[in-house]
Amino acid sequence: VRYESLTQLRLISVPSHALHAPFAILMASSLTSMASPLALLVTCLLVGLVQSQIACSTAGCSCSGTTTTCDFTSAPTTTLPVTFTAGLTSLSIQGSSLLTAITSFTGLTQLTSLTYSNNAITSITAAFSSSAALNSVDLSNNPLTNLATGVFASNTQLRSLNLANTQLSAFPQNVMTAAATISTANTPGLCAMTSLNLAGVSMSCCGLEWLRDLRASCGNPAAMVISFPTCTGPQWFSGRLLNGTSGTSICSSNFVVAGTGAPNALNTGTLFTSVAATDINSVLAVDNTLDRVVEFYFDGRPPRVLLNTTNAGSAFVPYGIDRFNSTTYLVTDQGTGSKRIILLSYAGVILSTSTVASGNFYFAAMQNDGRFLVSYSTSSQQMTPYQANLAANPPTVAPLAGVTAFTGSLVPRGMASFNNTIYGILRGTASTSIVACFTIGATAVTQSRVAIAGSQGLVTPLGLAIDSVGNMVVADVGTPNSVFVFAPNGTRLTTYTSGITTPNAVAVLTSGAVVVAMPTSIVLIPGLAAPAPTVAPTSAPTSTSASTSTSTSTSTSTSTSTSTST
């Protein structure tokens, strides 16, 4: 059929079932032979209709008005065998386990709803700027790991974004907006969102303060609903939803574990004198005022009391704590009657005790073989040797027979162990305070070497811990109150003072964060020490390790106990 003589042609009507590619080519060829602008316009419209019909005739796809829906569950595809019309307002592409990239939407200026869920999309590198009218985007249930900077920054009409059950490792603010500050004035589009869904997503929460505080930054709009991701880091927030975190900066600020500002109870009337880390994102702390040993969790669970005057006796006055392994701890008791060394299970059961009539126990540090030293003040200052036998039934703890204590003029305080060597603070003046290494010999405890010399600036050291590479972390209540980090050769690496007030004790987590026990609070300082080697995570304490953190092939262990008290 040819139309060149139909000069009055104004309308062409074709049944939809007749629109197919061969017909379109013949019809367009005939129409273009007409020297008429109207004919050319009709040709363009006809080709668009045919393109739409091609999309809707693809297996798995259907069309209704300006909506196209494709489900490739039964026939996965690596590319879309469809084309779309410029007038499309709603597009849904789902179910292809082979579809790893999103097609270009150039020209789809009227698109308001886009669903690309349940595919195999791994990364989105191009912005959706050509579809400025987008109101709803669903990218859920894809193995999506990356969103490029500015992907949604130009979509000021976007009100709903679904990223649930993806594998995103980060979600920076610049994905959503180029503005440095979020507010109703600076980011009206972002603040007008009604749904932002990251449920089922696990990622580091470092840098996600903007998302956690989005509703507050936008004036707490009632219509805005946010489903938050779960934190994989930092360690003290691991497993917690983002909206359960705290701090101006989640990963670089001191995180309050216990005390004023902490997200838990048991915070009044405390005097924290010692602290030890566990394997499960928590710390055991000695509260010397309320006479108890308490576990404080980083994931929002309420604290747990392991030991107090109810199960340890009315004369119980705990002071120091050290970890033997993931199920067993040592607690020193400066009781109002006899003084005790208590072997305590993680469950809060007293396994064994050893008693002296006078003097005061302070801190303890244990070797892998069960022998340990206790800093002990009586008529002389001592490092006193003991032996714990966990293989016995029941386990026992007792003075180490035939081995005499180390005595000296300097006051023993904080203690820690590393590579089966016990380190201890010997406190004197600002020029004589040192950290020394001790050997438990066959007949006596001896000082083997000086690890930190008096010339290195220790003023009034109290607490000591050692990280996975042998760096020594010292809590010093001298002026200014500080936490020091020293290299294994005794050279000072770091001086940390921010938010530190009377640091009584320190411990090192496997992440390298340092726990600091102060009189009325316990805080975490991120990244101050070296992290432990990576190992498979544990969800509960086990009884297979005798070191306080991860061991290397040479049995390197990280100490987590320490000290306090002036």
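Report ³J(HN,Hα) in whole Hz for each residue of the range 110-124, in order, from the Karplus equation J = 6.51 cos²θ - 1.76 cosθ + 1.60 where θ = phi - 60°; Gly and Pro get x.
9, 5, 10, 10, 10, 10, 10, 8, 6, 10, 10, 5, 10, 8, 10
Long-range amide H contacts for Leu307: which residues qualify at under 5 Å (H placed 1.01 Å from N, peptide plane, sequence gap of 5 or more or a different chain)?
Those qualifying (amide H under 5 Å, at least 5 residues apart or on another chain) are Val293.
Which parts of the range 375-401 would a label at Ala444 reach, counting a residue when its backbone N lies under 12 Å from a point 7 Å out along Cα-to-Cβ?
From the range 375-401, the list is empty.
Carbon-plus-sulfur fraction of the accessible area of the range 274-429, 1.4 Å probe, in percent?
Taking all protein chains in place, the range 274-429 shows 50 percent carbon and sulfur surface.
How large is ³J(HN,Hα) for each residue in the range 332-338, as worked out from phi by the Karplus curve 6.51 cos²θ - 1.76 cosθ + 1.60 (θ = phi - 60°), to whole Hz, x for Gly and Pro?
Karplus-based 3J(HN,Hα) across the range 332-338 equals 8, 10, 8, x, 5, x, 6 Hz.
Dipole of the range 326-470, Cα-centred, from +1 at each Lys and Arg C-beta and -1 at each Asp and Glu C-beta, to the nearest 20 debye?
That gives the range 326-470 a dipole magnitude of about 180 debye.
Once phi is turned into θ = phi - 60°, what whole-Hz ³J(HN,Hα) does the Karplus curve with 6.51, -1.76 and 1.60 give for every residue of the range 186-196, x standing for Gly and Pro?
After applying 6.51 cos²θ - 1.76 cosθ + 1.60, I find 7, 10, x, x, 4, 6, 8, 4, 10, 8, 9 Hz.
Note the direction-averaged projected area, equal to a quarter of the hull surface, for the Cα convex hull of the range 293-356, in nm².
That works out to 4.4 nm².
Got the relative contact order for the range 406-460 handy, in percent, Cα pairs under 8 Å and 6 or more residues apart?
Reported as a whole number, the value is 30 percent.
Kindly identify the range 99-151 as rounded, prolate or oblate by the Cα gyration tensor criterion: order the square roots of the eigenvalues as a ≥ b ≥ c, call it rounded if a/c is under 1.5, otherwise compare a/b with b/c, prolate if a/b is larger, else oblate.
In terms of gyration-tensor shape, prolate.
Quickly work out the Thr89-to-Leu290 label distance, labels modelled 7 Å from Cα along the C-beta direction, and quote it in nm with one decimal.
So the label points at Leu290 and Thr89 sit 6.1 nm apart.
Please compute the modelled spin-label separation between Thr378 and Ser455, points set 7 Å along Cα→Cβ, answer in nm with one decimal.
Those two pseudo-labels are separated by 3.7 nm.
Estimate the FRET efficiency between Ala120 and Ala487 by the formula 1/(1 + (r/R0)^6), using the beta-carbon distance for r and 56 Å for R0, to the nearest 0.05.
It comes out at approximately 0.70.
Per residue, how much accessible surface does the range 108-246 expose to a 1.4 Å probe? Answer in Å², no decimals.
For the range 108-246, the per-residue accessible area is 37 Å².
Assuming 0.36 nm per residue, please report the length gained on full extension of the stretch Asn135 to Asn220 beyond their Cα-Cα distance.
Full extension from Asn135 to Asn220 adds 28.5 nm.
In terms of modelled amide H atoms, which long-range or inter-chain residues lie less than 5 Å from the amide H of Gly408?
Hits under the 5 Å cutoff: Gln381.
By the gyration tensor of its Cα atoms, with a ≥ b ≥ c the square roots of the eigenvalues, what is the shape of the range 396-489: rounded for a/c under 1.5, prolate for a/b over b/c, or oblate?
Because a/c hits 1.5 or more and a/b exceeds b/c, the range 396-489 counts as prolate.
State, to one decimal in nm, how far the label point of Ser183 lies from the label point of Thr404, with both points 7 Å from Cα in the Cβ direction.
Simple spin-label model gives 7.4 nm for this pair.
At a 10 angstrom cut-off on C-beta neighbours, averaged per residue, how do the peptides 396-405, 180-189 rank from highest to lowest?
396-405, 180-189
Once you have a ≥ b ≥ c as the square roots of the Cα gyration tensor eigenvalues for the range 457-538, tell me rounded if a/c is under 1.5, and otherwise prolate or oblate according to whether a/b is larger than b/c.
It is oblate, given that a/c is not under 1.5 and a/b is not larger than b/c.
If Lys and Arg each add +1 and Asp and Glu each add -1, what is the summed charge of the other residues whose beta carbon sits under 13 Å from the beta carbon of Gly320?
+1
The values are calculated or read from the model by the stated rules, or taken from the named source; none is laboratory data. All of these numbers come straight from a predicted model, not from anything done at the bench. Cβ sites come from the backbone with ideal geometry, for glycine too, and all protein chains shown count toward neighbours. Accessible surface is based on the protein model in full, side chains and every heavy atom, while ligands, DNA and RNA are left aside. Shrake-Rupley method; radii C 1.70, N 1.55, O 1.52, S 1.80 Å.
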